[in-house]
Amino acid sequence: MSLLSIQNLSLSIYGVDILRDVTLSVEEGEIVAITGESGSGKSITALASMQLLPKGTQTRGRVMFRGQDLTQQDEASLCALRGNDIGMVFQEPMTALNPVQTIGAQVAETIRIHDRSVSRAAAEIRAAETLTRVGLPQDRFPLGRYPHELSGGQRQRVVIAMAIALQPRLLIADEPTTALDVTTQAQILDLLKNLARADGMGLMMITHDLAVVADMADRIVVMREGEVVEEGETTHLLRHMNHPYTKMLFAASGHQVNLPEVTAQPPLLEVTHVSRDYRLPRKTLFGPAGHFRAVDDVSFTIHRGERLGLVGESGCGKSTLTRALLGLERVQAGTITLDGAPVFSGNAPNLAVRRKMQVVFQDPFGSFNPRHRVDRLVTEPFHLLPDPPTGADRTRAIDAALTAVGLAPADARKYIHEFSGGQRQRIAIARALIIRPELILFDEAVSALDVSVRAQILDLLADLCGTYDLTYLFISHDLSVVRTVTDRVLVMQAGKIVEEGPTEQTFENPQHPYTRSLIDAAPVLPEIHAAE
């Protein structure tokens with residue numbers, strides 16, 4: 001008897017077909033990867049496995065967990081299973097965490113909800129142990145921290161800790177390493193693999209990262225438009241891909257773009273000896289407040305038409321540096337200028353400079369107002385323009401931006417919750433492109449995209465570089481992406497730039513030990529993929 005067996009599952013929401021005759025299983029101790037593009041039905045399959053379905057859902061078929069048909073269970077029985085026997089890691093950590101509760105309280109709450117005999121103190125001890133297992137030791141990340149005090153990758157680790165706190169029999173991980181840097185990703189994947197092997201836990205992993213799938217999954221299930229188009233044992237499937245869609249996914253995973261050659265250009269962005277400190281709470285009642293240096297004496301230049309990459313682990317200071325470049329945070333030391341003008345003018349950001357820069361943030365859902373439609377969201381940068389387009393010109397600009405990132409003009413009238421995670425990120429990119437800025441900062445801009453859409457977006461960036469002489473700073477933990485879309489790369493560790501050089505030279509011959517560790521930790525597709 002399988003641990004989880006989904007049998008001929010069809011699902012519709014308000015009459016719209018989402019899943020059609022999906023059949024798959026997960027055995028105890030087995031790792032099954034579900035892969036496919038955004039909107040293929042991966043996440044709704046995971047939600048159906050826990051019966052966490054929206055209103056208006058109608059299902060046919062069975063979802064069997066340890067011999068029980070979950071589609072026939074009442075809500076009280078399902079609540080007893082969720083978190084205890086079935087754990088889930090959701091795709092977007094900021095929306096899965098409670099912003100007004102500490103990370104320790106949230107992990108401890110998971111434990112106490114399912115075991116009332118555990119005291120609050122005992123639950124906190126177990127929470128601390130679990131957080132340490134996922135790379136958040138208490139000497140650096142106390143239980144009293146809040147989600148907003150952590151980076152995107154660190155928040156994802158908290159979500160994973162909540163999911164494994166009770167050692168469930170089945171763990172469903174929906175893009176578990178999307179926001180993680182390569183070294184932390186390797187640690188988390190090793191942890192998940194060890195849990196599955198040592199504890200006999202079944203693992204259903206939903207991912208668009210085919211390198212991760214190839215490295216750890218026992219079986220692969222390929223989904224497209226709500227259907228399973230191919231499945232099989234990992235090595236066999238990779239050697240004998242039968243369906244054209246499967247072949248397309250693996251070809252897209254190694255996609256390389258052709259950037260136009262960079263000609264000698266004057267500097268556009270100049271960063272000189274920049275440092276940024278954060279004040280820490282007092283350790284004693286009358287003791288002095290401490291300080292944490294997130295960015296430490298950073299200097300670099302981006303020339304017009306240049307594509308610069310910035311890589312480093314979560315918490316190294318990449319996002320803090322991004323906010324400083326945009327004028328969203330003041331720095332304690334150093335200067336930042338764009339085209340010779342300071343990003344800050346006195347105590348306020350220089351709006352004349354701000355309108356020349358746009359950013360694509362790491363969390364697509366958190367960067368949008370959910371009450372507004374897409375047409376209003378993507379035109380937010382228009383308020384920076386002295387004479388923004390109106391009427392038909394505004395509509396044409398919206399349609400062009402959405403079309404450029406692979407969406408339809410009709411999507412302009414939808415709300416952000418109607419899109420998948422990858423589609424939301426495409427909308428974020430459309431918003432950044434709509435006023436054709438001089439500099440774009442991409443903060444993990446393609447981390448949530450499936451491989452085929454990622455290839456389209458990267459091709460789009462290459463085309464824009466040739467057409468509009470685009471200049472950008474590309475911040476990412478995905479080294480394969482940075483390698484293909486940048487001319488030069490910076491490597492950041494603990495707030496400092498530890499290595500800088502031409503991208504290909506840095507990847508082929510890294511000089512700093514930290515750079516070598518990042519490259520070694522990055523997952524790669526086996527040679528059999530390229531052979532296909």
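A few remarks follow.
- Cβ-based exposure ranking for L464, L280, L81, L328, in which fewest neighbours within 10 Å come first: L280, L328, L464, L81
- In Hz, Karplus ³J(HN,Hα) per residue of region 186-197 (6.51, -1.76, 1.60; θ = phi - 60°; x = Gly, Pro): 4, 5, 5, 5, 4, 4, 4, 5, 5, 4, 5, 6
- Too-long pairs where the Cα-Cα distance tops 25 Å, listed order kept, from K356/K414; K247/K318; K318/K414; K42/K247; K55/K193: K356/K414; K247/K318; K318/K414; K55/K193
- Derived scalar couplings ³J(HN,Hα) [region 466-479; Karplus, 6.51 cos²θ - 1.76 cosθ + 1.60; whole Hz; x for Gly, Pro]: x, 7, 10, 6, 5, 10, 8, 10, 9, 9, 7, 9, 8, 5
- Net lengthening on full extension, D393/N194 (0.36 nm per residue, minus Cα-Cα): 66.0 nm
- Estimated D of region 370-504 in µm² per second, where Rh is the Kirkwood radius over Cα pairs and Stokes-Einstein applies at 20 °C, 1.002 mPa s: 134
- Partners of K496 within straight-line reach, counting aspartates and glutamates whose Cα lies under 14 Å from its Cα and excluding those fewer than 8 residues away in the same chain: D277, D296, D297, E313.
- Near-label residues of region 471-500 by backbone N, under 18 Å of a point 7 Å along Cα→Cβ of F292: 493-496
- Per DSSP, loop trypsin sites (Lys or Arg not before Pro) in region 125-234 with at most 15 further Cβ within 10 Å: R140
- Mean projected area of the convex hull spanned by the Cα atoms of region 137-253, taken over all viewing directions: 8.8 nm².
- Radius of gyration over Kirkwood radius for region 372-437, both on Cα atoms: the Rg/Rh ratio is 0.94.
- Taking the three principal axes of the alpha carbon atoms in region 86-181, the coordinate ranges are 36, 30, 22 Å, sorted in descending order.
- Proximity of backbone amide H atoms, modeled 1.01 Å from N, is registered between I34 and M205, I206, T207, V221 at under 5 Å, excluding neighbours fewer than 5 places apart on the same chain.
- When region 21-157 is reduced to its Cα atoms, the Kirkwood hydrodynamic radius in Å: 17.2
- GluC sites (Glu not before Pro) restricted to DSSP loop in region 233-282 with at most 11 other C-beta within 10 Å: E261
- Exposed-loop-free span, longest in the chain, where chymotrypsin sites (Phe, Trp or Tyr not before Pro) count as exposed if DSSP calls them loop and at most 12 other C-beta atoms lie within 10 Å: 15-285
- Both radii were evaluated on the Cα set of region 265-416; the Rg over Rh quotient, with Rh as the Kirkwood radius, amounts to 1.04.
- Size of the chain as Cα extents on the principal axes (Å, biggest first): 68, 62, 49
- Alpha-carbon Rg/Rh ratio, for region 203-326, with Rh computed the Kirkwood way: 1.19
- FRET E, pair T284, K496, Förster distance 30 Å, beta-carbon r, rounded to 0.05: 0.50
Bear in mind that the values in this text are calculations on the coordinates, not laboratory data. Note that the coordinates shown come from a computational prediction; the quantities given were computed from them, not determined experimentally. Note that we place each Cβ from the backbone using ideal geometry, even for glycine, and neighbour counts take in every protein chain shown.
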